[in-house]
């Protein structure tokens, strides 16, 4: 049986891991490669590395860091942050990334998704969607949560699948950094409306939150950052707990 | 020396990284004599079947691959290209394995992405592995089960997780990305 995945996310700034509360106020959480290796040991199913300042400061993801990570870890990993063209993708995949993720750049120019999928295959493109509940409607936000768009979240999710996305990473800005649990409502709606895997993200604060998102939605994976970085939840313990609760886990 | 076939498909470096971690030296090459002279050849791949086959044909690599006599390991797209035909781009493939590659019917999420265990396994490639061990997959097309199938997996339907015919081995999953279980399978191949 295909297992649900647990994915630690490492937000990168200047080659180090940081995690912001609601994407602002960054706190240093450690060396990225060391953290990555520790997560592999704990049983992480995949890793995601986001150069979180890249979009805003127009910086590219750190290729040298990707090479170091690729040399040391034996599970798949995704890299993102400021990718807005096929050439960037090529550089990162060559450096050893298995998948890349695009966010704001795909909202601004949706054809980017087809261009990347056409050249490197659907499986390597993860479209990250940051979403916010505004006036009772889930809408897409970009630039690390700073800019509102006209896009309705479900419509955008369906469209990115049509354009060739292999996976969607859905972050709820309402819960991100709050440790109050994943947004079950939008995660459930998006995963029912697309036929590609959906990674739930934003809000994990306890092991029960992971159980809730796997029980109540069809998401394929759940992602978190700070609770793993600061050792509040051990991945090994989390997976043992989820298995015990009857969820298919490696 | 292990030769990793260089062509227009992704993740070649990942295979070399995995070999480095296991302590094996390798070269990434599309040179005919380097490929023919290697102890083992790995035919990796993430990408699209049609353009990959076209690339191989234009450079004569298709003929070189089918004539290799040492153990060869196809991975993911490598496995699919070693079959007769792929629905992806209606592509005539290398025809080493007597089976065809089809798109998963849309009865569950596609691609089949993540960790999955086996339905069946047999042979030396799986020494030290049990059917409950999880390994990493990412693919939208699958090879139908045939006489050369040596491992099966169930996702939407049972399909070939691994195949073998004479010196040709292939896995649909990514041993280079499957943590310690993947390393066991890779090592089994390298020690053949």
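Which whole-angstrom value gives the distance between the alpha carbon centres of the range A:80-137 and the range A:145-175?
Taking the Cα centre of the range A:145-175 as reference, the centre of the range A:80-137 is 11 Å away.
Using R₀ = 51 Å, calculate the FRET efficiency as 1/(1 + (r/R₀)^6) where r is the Cβ-Cβ separation of residue B:167 and residue A:178; round to 0.05.
Values: r = 57 Å, r/R0 = 1.11.
Computed FRET efficiency for residue B:167 and residue A:178 comes out at 0.35.
Using a Förster radius of 41 Å, what is the FRET efficiency between residue A:218 and residue A:72 based on their Cβ-Cβ separation? Nearest 0.05, please.
Values: r = 33 Å, r/R0 = 0.81.
About 0.80, to the nearest 0.05.
Where the centroid of each part is defined by its Cα atoms, how far is the range B:66-122 from the range A:179-250 in Å?
That distance is 31 Å.
According to the square roots a ≥ b ≥ c of the eigenvalues of the Cα gyration tensor, what is the shape class of the range B:2-190, taking rounded for a/c under 1.5, prolate for a/b larger than b/c otherwise, and oblate for the remainder? Working shown, then result.
Numbers: a/c = 1.57, a/b = 1.13, b/c = 1.38.
Oblate shape, in that a/c is at least 1.5 and b/c is the bigger or equal ratio.
Taking springs between alpha-carbon atoms closer than 10 angstrom, which of A:140, A:160, A:40 fluctuates most in the Gaussian network model of chain A?
Among A:140, A:160, A:40, the largest GNM mean-square fluctuation belongs to A:40.
By its C-alpha gyration tensor, with a ≥ b ≥ c as the square roots of the eigenvalues, how is the protein assembly as shown shaped: rounded for a/c under 1.5, else prolate for a/b larger than b/c, else oblate?
Taking the square roots of the gyration eigenvalues as a ≥ b ≥ c, the protein assembly as shown is prolate.
Relative contact order for chain B using alpha-carbon pairs under 8 Å, separation at least 6, rounded to a whole percent? Don't skip to the answer; put the middle values down first.
On the way: 433 pairs, mean separation 35.9, N = 192.
Relative contact order of chain B: 19 percent.
For the pair residue B:84 and residue B:192, how long in nm is the line joining their label points, each one 7 Å along Cα→Cβ?
Placing both labels 7 Å along Cα→Cβ, they lie 2.3 nm apart.
Please rank A:105, A:191, B:36, fewest neighbouring Cβ atoms within 10 Å first, as an exposure proxy. Kindly include the intermediate steps, with their values, before the conclusion.
Numbers: A:105 18, A:191 23, B:36 14.
Placing the least packed residue first, the sequence is B:36, A:105, A:191.
Given the -39500 (n - 2.57) contribution per DSSP H run of 4+ residues, what per-residue ellipticity at 222 nm results for chain B, rounded to the nearest 500 deg cm²/dmol? Intermediate values should be presented prior to the final figure.
Values: 6 runs with 49 residues, N = 192.
Estimated from H runs of four or more residues: -7000 deg cm²/dmol.
Under a point spin-label approximation (7 Å from Cα along Cα-to-Cβ), what is the residue A:236-residue B:59 distance to one decimal in nm?
Computed distance between label sites residue A:236 and residue B:59 equals 4.3 nm.
Contact order normalised by length for the range A:134-250, with contacts defined as Cα pairs under 8 Å and 6 or more residues apart; what percent is it? Spell out each step's value before the answer.
On the way: 179 pairs, mean separation 22.6, N = 117.
The normalised contact order for the range A:134-250 reaches 19 percent.
Report, in deg cm²/dmol and to the nearest 500, the calculated mean residue ellipticity at 222 nm for chain A, where each DSSP H run with n ≥ 4 adds -39500 (n - 2.57) and the sum is divided by the residue count. Don't skip to the answer; put the middle values down first.
Values: 11 runs with 95 residues, N = 250.
Helix contribution divided over all residues of chain A: -10500 deg cm²/dmol.
If I model a spin label at residue A:247 and residue B:180 as a point 7 Å from the Cα along the Cα→Cβ vector, what separation in nanometres do I get?
2.4 nm
Averaging sequence separations of C-alpha pairs under 8 Å and six or more residues apart, then dividing by the length of the range A:82-165, give the relative contact order as a whole percent.
26 percent
Classify the range A:5-244: rounded, prolate or oblate, from the alpha-carbon gyration tensor (a ≥ b ≥ c, eigenvalue square roots; a/c under 1.5 rounded; otherwise prolate if a/b is larger than b/c)?
Details: a/c = 1.36, a/b = 1.03, b/c = 1.32.
Rounded, because the longest to shortest axis ratio a/c is under 1.5.
Want the number for residue A:90 to residue A:114: 0.36 nm per residue separation, take away the alpha-carbon distance, what's left? Present the calculation step by step, with values, prior to reporting the outcome.
Values: separation 24, 0.36 × 24 = 8.64 nm, distance 1.44 nm.
Full extension from residue A:90 to residue A:114 adds 7.2 nm.
Here, each number is a calculation from the coordinates, and none is a lab measurement. Everything numeric in this text was worked out from a predicted model, so none of it was measured. Virtual Cβ from ideal backbone geometry, glycine too; neighbours counted across all protein chains shown.
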